[in-house]
1. So for the chain, averaging the separation of alpha carbon pairs under 8 Å that are six or more residues apart and normalising by length, what relative contact order in percent results?
2. Using a 1.4 angstrom probe and counting only protein chains, how large is the accessible area of residue 123 in Å², to 10?
3. Using 1/(1 + (r/R0)^6) with R0 = 45 angstrom and r between the beta carbons of residue 90 and residue 507, what's the FRET efficiency to the nearest 0.05?
4. What fraction of the DSSP beta bridges in the chain is antiparallel, stated in percent and rounded to the nearest 5?
5. Please enumerate, by chain and number, the lysines with C-alpha under 30 Å from the C-alpha of residue 323, excluding those fewer than 8 residues away in the same chain.
6. Express in nm, to one decimal, how much length is gained between residue 185 and residue 419 on full extension, taking 0.36 nm for each residue of separation and deducting their alpha carbon distance.
7. By the gyration tensor of its Cα atoms, with a ≥ b ≥ c the square roots of the eigenvalues, what is the shape of segment 357-507: rounded for a/c under 1.5, prolate for a/b over b/c, or oblate?
8. Please give the length that would be gained between residue 175 and residue 213 if that part of the chain were fully extended, namely 0.36 nm times their separation in residues minus their C-alpha to C-alpha distance (nm, one decimal).
Amino acid sequence: MPALLPTSRSRGRTSAQLAASNDHAVIIAGAGPTGLMLAAELALANVDVAVVERRASQELAETRAGGLHARTIEILDQRGVADRFLREGQITQLAGFAWTRLDISDLPTRHNYGLALRQGHIERILANWASELAVKIYRASEVTGFAQDETGVEIMLSSGATLRANYLVGCDGGRSLVRKAAGIEFAGSDPTLSNLMAEVEMREEPAWGLRHDALGFHGLSRTESGRVLVVVSEATLARTGEPGLRDLSEALVAVYGTDFGLQNPFWISRFTDAARQAVCYRNGRVLLAGDAAHIHHSVGGQGLNTGVQDAVNLGWKLAQVVKGMSPENLLDTYHAERHPVAARVLRNTMAQIALLRRGDDGLKAAREVVSELLGMDEPRKRFGAMMSGLDVHYDLGEGHALLGRRMPDLDLTVEGRSLRLFTLLHQARGLLLDFGKAGGIDIVPWADRVDLIGTDYDGPLQLPAIGQVAAPGAVLVRPDGHVAWVSDESQRGLPDALAKWFGPPAA
């Protein structure tokens, strides 16, 4: 069904007027990590949000993603839920580039590590959090079509029912129906490599570890359940669709000369190195996030993390638009900020795949040179910050090095109490930190959206991949933890920054 752009009539109406005839303010297609994180962000802002999910329960058999990078753990810490994940996962040095491990333990963050935790566990924890926030999930149902009009989006479900919302967000994966129905091009490259991943039992002792050859790269490792996790490149791109036991057996034999008595597959999946990205993350009242907006090979483990970070960038912006606090064009900053981030992920993923292919002596030499380079401190720190998401920088113009970057989790003194900065972001509100160097700051017209905190902080700030920077007099931090304005010992530009990110001043 074609997606219709909203008319100018709808842009002048308040969120209350629009929501009056709608089932929900926002509907999210897909209850994966991106959709659940977005739902939680909207619920924190008291937005009526619901999720449509094809699975009857949150259970996920496949391993899929295997962990959280440092910036994603920081984001969860900003909302006060990081401990839920840390209790269940294994802290490890997760970052790497083309199989070269990158130790980030000396990067300036409280979470200078990754967390090994399977996607099924990540989804379960996120779903429990969303449930606590009273997010409604329509299970065993899929979005099959939609149409936009001047007051919202009419959404058709596989059950035959319809729902209506102000906005629809497609978090429904790489084959996203929402993206296709919205007519958004998914530009990029076709696959050159096909991998099978599976969790199985084997009657014989497998050849543990990683290897690569003319076909591609492969690995056999033990899972927490005692089964064998298999990653193996296929000899052909001709096979598509759902793989079976025979496909896996033939792939193993082609690489190892045996399938090690393969039996009892718990699950088998197929993925490729296709690299594609939506040319636009928004069409009117329809937006995309996560795999619906970008796909790439799993090497480096950046997919789930990029999607969760999409959700945190979008959530507070969409909430402000829905609630009538900000104009609709605030949503355009979502594409402007997140599209370049995913494009960079696609680029570094393709570079890793190129290096991991077994080719001539020149390619082998290139791998060795890159590995040697990444053993040096500065390249290791820069690539570690990139692969862990700690160096994301939104282009908000020239100015202080903090502008557009994540705000560090400083130890602050507020009204005589010691507080971590991240604890001030738990409710996903804006934050204006006054270090007492910018003069008396008055943000009364934005007090319903931004918290003004007077605090003491001594010493410089440390930024991953940047190093030491001078502490500012005051700083405006968005709900996603990124810096929107930095004082130059005056309040110049502050009203404009507040209006841009948090809407016009209240009367």
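The values are calculated or read from the model by the stated rules, or taken from the named source; none is laboratory data. Predicted, not measured: the structure shown is a model, and the values here were computed from it. Heads up, the Cβs are rebuilt from the backbone with ideal geometry, glycines too, and the neighbour counts pull from every protein chain shown. Note: accessible area is taken over every heavy atom of the protein model, side chains too, but ligands, DNA and RNA are not part of it. Shrake-Rupley method; radii C 1.70, N 1.55, O 1.52, S 1.80 Å.
1. 17
2. The accessible area comes out at roughly 0 Å².
3. Step by step, r from the Cβ atoms, then E = 0.30.
4. 75
5. 136, 180, 500
6. 79.7 nm
7. Prolate shape, in that a/c is at least 1.5 and a/b is the bigger ratio.
8. Using 0.36 nm per residue and subtracting the Cα-Cα distance, I get 10.7 nm.
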